[in-house]
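Visitor: I am attaching a structure below and will ask some questions about it afterwards.
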Amino acid sequence: MCCNHCKSDLTLIEGVLKEYADQKGSLITILQKTQDIYGYLPIDVIYHIAERTGSTPARVLGVATFYAQFRLQPIGKYLIMLCQGTACHVNGSERIEAAIKQELGIEDGETTADGLFTLKNVACLGCCSLSPVMMINDETYGSLTPDKAIGILNELRAKAEESK
Amino acid sequence: MKVIVGQGSCGIAAGAQKVYNAIEDKISAFSGVTLGVTGCIGMCYLEPIVDLYEGEELFARFVRVKAEDAERILNAAQAMCLDDVADLLIEDEDKAFLSQQTRIALRNCGIIDPTSIEAYIAAGGYEAIKKVLSGMTQEDVIEVIKVSGLAGRGGAGFPTWFKWNAAKESKGDEKYLICNADEGDPGAFMDRAVIESDPHTLIEGMLIGAYTIGAKEAVVYVRAEYPLAIKRLQNAIDEAKAKNLLGKNILGTDFSCEMRIKAGAGAFVCGEETALIESLEGERGMPRLKPPFPAQCGYWQKPSNINNVETFANVAWIINNGGEAFAAMGTENSKGTKVFALTGKIKKGGLVEIPMGKTLRDVIYGIGGGIKNDAEFKAVQMGGPSGGCIPKELLDTVIDYKALGATGAIMGSGGMVVMDSSTCMPAMAKFFLDFTAKESCGKCVPCRIGTKRMLEILTRICNGEGKEGDIELLEELCLAIKDGALCGLGQTAPNPVLTTIRYFRNEYEAHINQKKCPAKECSNLITYEINSDKCKGCTLCAKKCPASAISGELKKAHVIDQSACIKCGQCVTLCKFGAISTN
């Protein structure tokens, strides 16, 4: 155990570990399935995975921090994946980014204080003909302008308010 | 009559799923009409696209369809009358987007149902593997591929037969065939389209490869950002297994091959084959020293062969039609066809497959219809972060490996991003260096530190803090990184900088000497100002400004507070009176 502060429910990944812990070369798969369960990779879970796979926390953390997919912090209700691919860049994604940052008061990789939005710049979503594009929780929004992007955020915010 | 909705990722992003659902909801009320899906047709700019098929014949194609058009389309399908839906029909001019192409790798994309092995078989699928297993030796296959001149479509352009032969010749019973579907170049999406739209083509090509090198296990390494591709490929693998096209004693022969998918986790460097192998083994994706090459010592230290998706997608066609038919297309040094993802400031963006030997102008103006808003063409970026920018003077460059290489760019995986005069070239170079610096795995010093230093210099140039001698310093760094980096990512990272300096040196000089951005893109070097003569005081810009930097009374000229402005350009886009200028 790494520390006494985090208390993740380790039984949640028992099934994953039973299936993969002894399979060589499956660390990335284990981490992907773990993140699906917790929404992120809690540090105590990383220690647990290291112990069960006969590895070290340094190695597991080394792999977890190498790949863009893994995160060590929980994310907001809405994950904004803002495409920064070449086509989006050419079509003004930086301006969209400036407007979103201004609206939410967060930087890339951060989450708003109310836990609603996380902003993440991503390499390419592959919807180049709709650029500039962002994806929020599996829904893709294309042909963005700063105004349109902020309108979408406001809609989601209102939706979250309603469901409270 | 069959209604077919094109459902590639970009179609779905444009609303194809909603269209499909709307049609599905209403279809029970119509007789003689069925509903189906297909993959990516490749005309991304017209999505969502809905086709009507009468038997195997395309009866009508509707473009930019919305969910509310569902009933009209169903009516038309039932009555076989297009009068009521004339506004949705594709225009002749847009039909030319497809008719000017020669499709081999994409031959089934947007035509067959990607979720059905029967559809692939009906289109002549799995005939090539039958032909191979019923009498061709490994050497025979290699000979056909050699004659075809097929070269690796992932970027390096290495002859496919040579890699296959090396893996075949390697000693050992345990060999692996790996497909690189870690399509990381921002702006390229042809591999995703192939997997989503025609997954069995990939499986068949891989089976032929596995037979040829003697592999019993095949792995497809797919980018994690492609969930739909993973889903469709998994479905296709299961279907093929059920038909004994994968697994033990395929089609009753001695040949056995298992296939599985490994989802990547997001790292551009994993497109490099030895880094990909490290990642497959569950490690950090850092490249290995070569030699030994994967053909001798790859996945789990066993002989392995790695090819890109598009390379495999050509294989079955070549076996069926002969190496000569493939080699008949193209130029002296580049045979066959190549798929390009045409994006950026282009009128008609999408997937384009053409024989090698056409010119850039043929693609950008002939097929792509020219530049958005009829603006002036400035450059085309080819090959992603490893490639370069080709200026308008070289628009008649022939598309083949040698000619593109001579411009300083590369063929790459086929990203073709078109730029107009509003794109700043030093900022473009900075954009790519930002990408490669972030994606550098950190193993070798020239790439890890070199790209970082280059990014710093480019950042200061774009911020108007460039110094005399910065261009020369950049050039020196570029050459050092090219020579010193361990893998392809580092060795090619300087290409965007070198080509933009070579063709657009004046823009670098304007940033450094006059502190001006000629394309008016670099936010530190521009200001937005409201022309008080033209401003009508409509208050729109003030209301919409995300930074609340604009103030003014109704019907009176407004002003921008420069210290609060975040340079998002929203006001310029919104102003109906053209009152806001960029200086």
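The values are calculated or read from the model by the stated rules, or taken from the named source; none is laboratory data. Since the model is a prediction, treat every value here as computed from it, not as a measurement. As a convention, Cβ positions derive from the backbone with ideal geometry for all residues, glycine included, and neighbour counts pool all protein chains shown.
Visitor: Go through the residues of the range B:301-319 one by one and say whether even a single one is more than 14 Å from every other protein chain (Cβ to nearest Cβ), within 13 Å of B:S148 (Cβ to Cβ) and out of contact with any helix residue (DSSP H, G or I) (no Cβ under 9 Å at 6 or more places or on another chain).
Guide: No, the conditions are met nowhere in the range B:301-319.
Visitor: Now a separate question. Just one of (1) surrounded by fewer than 21 Cβ atoms within 10 Å (Cβ to Cβ); (2) on the phi > 0 side of the Ramachandran plot trips up B:I566, so point out which.
Guide: (2)
Visitor: Does B:G205 meet the test of being buried (at least 20 other Cβ atoms within 10 Å of the Cβ), farther than 30 Å from B:K438 by Cα and touching a residue at least 60 places away in the same chain (Cβ under 8 Å)?
Guide: For B:G205, the condition - buried (at least 20 other Cβ atoms within 10 Å of the Cβ), farther than 30 Å from B:K438 by Cα and touching a residue at least 60 places away in the same chain (Cβ under 8 Å) - is met.
Visitor: Identify, please: which residue in the range B:410-428 is within 16 Å of the chain's Cα centre (by Cα) and part of a loop (DSSP other than H, G, I, E, B) and is, among those, farthest from the other protein chains (Cβ to nearest Cβ)?
Guide: B:M411
Visitor: Okay, next question. Do we have B:T343 as touching a strand residue (DSSP E or B) at 6+ places or on another chain (Cβ under 8 Å), away from chain A (no Cβ under 12 Å) and either over 18 Å from B:G42 (Cβ atoms) or not small (G, A, S) (or both) here?
Guide: no
Visitor: Could you list all residues from the range B:309-322 that are small (G, A, S) and under 26 Å from the mean Cα position of the chain (by Cα)?
Guide: If the condition is that a residue be small (G, A, S) and under 26 Å from the mean Cα position of the chain (by Cα), then B:A313, B:A316 are the ones that fit.
Visitor: Can you spot a residue in the range A:12-33 that is closer than 22 Å to A:G109 by Cβ, surrounded by fewer than 13 Cβ atoms within 10 Å (Cβ to Cβ) and not aromatic (F, W, Y)?
Guide: For the range A:12-33, residues closer than 22 Å to A:G109 by Cβ, surrounded by fewer than 13 Cβ atoms within 10 Å (Cβ to Cβ) and not aromatic (F, W, Y): absent.
Visitor: Within the bounds of the range A:42-49, is there any residue that is of a type in the set (A, V, I, L, M, F, W, C), within 7 Å of another protein chain (Cβ to nearest Cβ) and crowded, with 20+ Cβ neighbours inside 10 Å?
Guide: Within the range A:42-49, none of the residues are of a type in the set (A, V, I, L, M, F, W, C), within 7 Å of another protein chain (Cβ to nearest Cβ) and crowded, with 20+ Cβ neighbours inside 10 Å.
Visitor: Could you identify the single residue in B:D84, B:D94 that is touching a Lys or Arg at 6+ places or on another chain (Cβ under 6 Å) and either more than 19 Å from B:R192 (Cβ to Cβ) or not charged (D, E, K, R) (or both)?
Guide: After ruling out the rest, the residue left standing is B:D84.
Visitor: What is the number of the single condition among (1) small (G, A, S); (2) out of contact with any helix residue (DSSP H, G or I) (no Cβ under 6 Å at 6 or more places or on another chain); (3) surrounded by 14 or more Cβ atoms within 10 Å (Cβ to Cβ); (4) more than 23 Å from B:K335 (Cβ to Cβ) that B:A86 does not meet?
Guide: (3)
Visitor: Moving to a separate point now. Scan the range B:501-527 for residues that are over 30 Å from B:L394 (Cβ atoms) and crowded, with 21+ Cβ neighbours inside 10 Å and report the count.
Guide: Of the residues in the range B:501-527, 0 are over 30 Å from B:L394 (Cβ atoms) and crowded, with 21+ Cβ neighbours inside 10 Å.
Visitor: Where the second residue is among the aliphatic types (A, V, I, L, M) and part of a loop (DSSP other than H, G, I, E, B) and the first is at the interface with chain B (Cβ under 8 Å from one of its Cβ atoms) and lies in the range A:12-36, which pairs have Cβ atoms under 7 Å and are six or more apart or on separate chains?
Guide: A:I28/B:A265; A:L31/A:L41; A:Q32/B:A265
Visitor: Among (1) within 7 Å of chain B (Cβ to nearest Cβ); (2) of a type outside the set (D, E); (3) closer than 20 Å to B:F435 by Cα, which single condition is A:Q102 missing?
Guide: So A:Q102 meets the others, but not (3).
Visitor: So, in the range A:72-96, of the ones that are touching a Leu at 6+ places or on another chain (Cβ under 6 Å) and outside any loop (DSSP other than H, G, I, E, B), which residue ends up farthest from the other protein chains (Cβ to nearest Cβ)?
Guide: A:Y78
Visitor: Also, I was wondering about something else. Can you say whether B:G209 is facing another protein chain (nearest Cβ under 10 Å) and either at negative phi or among the acidic types (D, E) (or both), as far as the supplied structure shows?
Guide: No; evaluated as a whole, the condition is false for this residue.
Visitor: All but one of (1) more than 13 Å from chain A (Cβ to nearest Cβ); (2) free of Cβ contacts under 8 Å to residues at least 40 places away in the same chain; (3) outside any loop (DSSP other than H, G, I, E, B) hold for B:E465; which doesn't?
Guide: In the conditions (1) more than 13 Å from chain A (Cβ to nearest Cβ); (2) free of Cβ contacts under 8 Å to residues at least 40 places away in the same chain; (3) outside any loop (DSSP other than H, G, I, E, B), B:E465 misses (3) alone.
Visitor: Note down all Cβ pairs under 6 Å where the first residue falls in the range A:47-62 and is more than 24 Å from B:C441 (Cα to Cα), the second is of a type in the set (A, V, I, L, M) and not in a helix (DSSP H, G or I), and they're at least six residues apart or on different chains.
Guide: Going by the 6 Å Cβ cut-off, the qualifying pairs are A:R52/A:A21; A:T53/A:A21.
Visitor: While we're here: I'd like to check something: does the range A:50-73 contain any residue that is at pLDDT 90 or above, touching a strand residue (DSSP E or B) at 6+ places or on another chain (Cβ under 9 Å) and β-branched (V, I, T)?
Guide: No, that holds for no residue.
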